[in-house]
Amino acid sequence: MSAIRNKVQLIGNVGNDPEIKTLESGRKLAHLTIATNEIYRNDKGEKVEQTEWHRITAWGKTAEIIEKYVVKGKEIAVEGKLTHRSYDDKNGEKRYITEVVINEILLLSK
């Protein structure tokens, strides 16, 4: 392999209406969550459904598309990179966030 890339592709349903911010520069920022589901059979042969929630961040034109077309429950496909960051909360405790910063979105449901 000549290059290893940080690439994430997810298809899921939007958990809540996206949170959109417009920065002083006029650039848009979108935050949302999507749920992905996996169904499998456990050792006993029972069907198990597991839901994972993913924090999604989008900037610029992608955030504008999200603002215009994405609502809670909509099925979307996203592509981006996995990122980790930290911040200090209002109590001074360090908090860590893992999120997918997307650069592409595909609207799947009507």
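The residue list Ala58, Ala63 contains one member that is in contact (Cβ under 8 Å) with a residue 12 or more places away in the chain, in a strand (DSSP E or B) and under 17 Å from Leu107 (Cβ atoms), which is Ala58. In the condition set (1) more than 25 Å from Arg5 (Cα to Cα); (2) in contact (Cβ under 8 Å) with a residue 60 or more places away in the chain; (3) in contact with a Leu (Cβ under 9 Å, 6 or more places away or on another chain); (4) not acidic (Asp, Glu), Gly73 is compliant with all but (3).
Looking at the structure I just gave you, is Glu24 more than 18 Å from Lys7 (Cα to Cα), over 16 Å from the mean Cα position of the chain (by Cα), modelled with pLDDT of 95 or more and surrounded by fewer than 13 Cβ atoms within 10 Å (Cβ to Cβ)? So Glu24 fits the description; yes. Candidates are the residues of the stretch 79-97 that are assigned to a strand (DSSP E or B) and polar (S, T, N, Q); the one that is farthest from Ile4 (Cα to Cα) is Ser86.
State yes or no: is Ile11 of a type in the set (A, V, I, L, M, F, W, C), part of a strand (DSSP E or B) and closer than 20 Å to Glu99 by Cβ? The answer is yes for Ile11. Restricting Gly73, Gly15 to residues that are among the small types (Gly, Ala, Ser) and on the phi > 0 side of the Ramachandran plot narrows the list to Gly73.
Which ones in the stretch 39-61 are surrounded by 10 or more Cβ atoms within 10 Å (Cβ to Cβ) and of a type in the set (Val, Ile, Thr)?
Val48, Thr51, Ile56, Thr57
The values are calculated or read from the model by the stated rules, or taken from the named source; none is laboratory data. Model, not experiment: these values are computed from the prediction. A quick note on method: Cβ atoms are made from the backbone with ideal geometry, for glycine too, and the neighbour counts reach across all protein chains shown.
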